[in-house]
Amino acid sequence: MSSFRRRSPQRSEQRKMEKVAAVLLRLPLLWLSLSCLPWLPHASSSCSGTISSPEYDALQALFDSTNGGNWSWVATEPNSTHWTFPSPLSTPCSKSWQGLSCISMIKSTSGAECGISVLNLEFFNLQGTIPSSMGNLTNMIEFELPFNSLSSTIPSELGRLLSLQNIQMNSNSLNGTIPSEFGQFSLLKELYMD
């Protein structure tokens, strides 16, 4: 005669938790690293909320250090606007500033809802230097400033942009070496420099 033992509800629940833990341990390292980011992008590709003060300050520093008043604005972007300072923190994303794309972010202690994910100022007639504060655009996936008149060296602070997949700074007058911090870009797919 076989004996039948009934499992206790606590034992059954414990087994379920062990199975969940085993699955979580098998998830790719990329998921784990993304879950540790202070901002986690939602699925949407645009946002009309505010950006953080450090991101706003970085955009203003770029505008100021590259003669923003003389940029060549793209007339073919029908729903976008020129950059203007000072502006509310919501303006870069809600007013669709030319050359920027924003993504929705989970709110953090700063209260920001959006992050700058793409900066594409190709052929904008940027003249000057890339400010080190660009390293504050930590949600950046694409950083594209080719075919301008940028000079000086590439700031090592750009090495903080660990989500970068595409960097284009070719056809400028940049000098020096590529910062060693660029070696940390594990997601990088394209790098254009000369």
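Throughout, read-outs are computed from the coordinates displayed, never taken from laboratory work. Computed from a predicted model, the values in this text were never measured in an experiment. We place every Cβ from the backbone using ideal geometry, glycine too, and count neighbours over all the protein chains shown.
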Each residue of the range 170-187 in turn: what ³J(HN,Hα) in whole Hz from Karplus with 6.51, -1.76, 1.60 and θ = phi - 60°, glycine and Pro shown as x? 6, 6, 10, 10, 6, 10, x, 9, 5, x, 4, 4, 5, x, 8, 7, 6, 9
In percent, what relative contact order does the range 136-183 have, based on Cα pairs under 8 Å that are 6 or more apart in sequence? 48
Among DSSP beta bridges whose residues both lie in the range 81-194, state the antiparallel percentage, nearest 5. 25
List every residue whose amide H lies under 5 Å from the amide H of residue 102, counting only residues 5 or more places away in sequence or on a different chain, with H placed 1.01 Å from N in the peptide plane. 47, 117
Residues with amide H under 5 Å from that of residue 97, placed H, sequence gap 5 or more: 81
In this structure, the FRET efficiency calculated for residue 180 and residue 142 from their beta-carbon separation, with R0 = 35 Å, to the nearest 0.05, is 0.95
Given H placed 1.01 Å from N in the peptide plane, which residues other than close sequence neighbours of residue 129 have an amide H under 5 Å from its amide H? 151
